[in-house]
Amino acid sequence: MADSPVGLAAWLLDHGDGYGQPAAAILSAVHGRAIGGHSAGDLTRDDVLDDFTLYWLTHPAVSVSPGENYQAPRSWTQRAYPKLIHFNEIPKGGHFAAWEQPELFSEEVRAGFRSLR
């Protein structure tokens, strides 16, 4: 998953929650039509590609959400990412926090890049 953007995109799509949320909307947006009777809503293919790009480009920015399957402590995260520029425990969201909490996610991206100004 970390060796190519295509591998990451495939992994993100494959590890959704089937036709539940948010994967149903994501798959519908990627295909440009309703999949399994589920609409993409306001989500577009460009939104999905933007999110994949942010995952790919922001490896050293970590936001831990309470609904995540595994929540690595900061000390472990710093060992995994020696050039860590941002770490924060956010108040809500799950495994796909970027899609579940887009406003909070965008705030975290801004905070992560703020130190690089």
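A short reminder: the numbers here are calculations on the coordinates, not readings from a lab. Quick caveat, the model's predicted, so the values are computed rather than measured. All Cβ positions, glycine included, derive from the backbone under ideal geometry; neighbour counts span all protein chains shown.
P(r) tail for region 58-117, what percent of Cα pairs lie past 14 Å? Could you put the intermediate results ahead of the total?
Working: 924 of 1770 pairs.
Tail of P(r) above 14 Å: 52 percent of Cα pairs.
Please compute the contact order of the chain in relative form: average sequence separation of alpha-carbon pairs under 8 Å and at least six residues apart, divided by the residue count, as a percent.
Numbers: 129 pairs, mean separation 21.3, N = 117.
This gives 18 percent for the chain.
Arrange the following residues from fewest to most other Cβ atoms within 10 Å of their Cβ: 45, 110, 117.
Ranked by crowding around the Cβ, least crowded first: 117, 110, 45.
May I ask you to compute the full-extension gain from residue 81 to residue 69, defined as 0.36 nm times their residue separation minus their alpha-carbon distance, rounded to one decimal in nm? Walk me through the numbers on the way to the answer.
On the way: separation 12, 0.36 × 12 = 4.32 nm, distance 1.94 nm.
Extra length available between residue 81 and residue 69 comes to 2.4 nm.
Please report the projected area of the chain's Cα convex hull averaged over all directions, in nm².
On the way: hull surface 30.0 nm².
Over all viewing directions, the chain projects a mean Cα-hull area of 7.5 nm².
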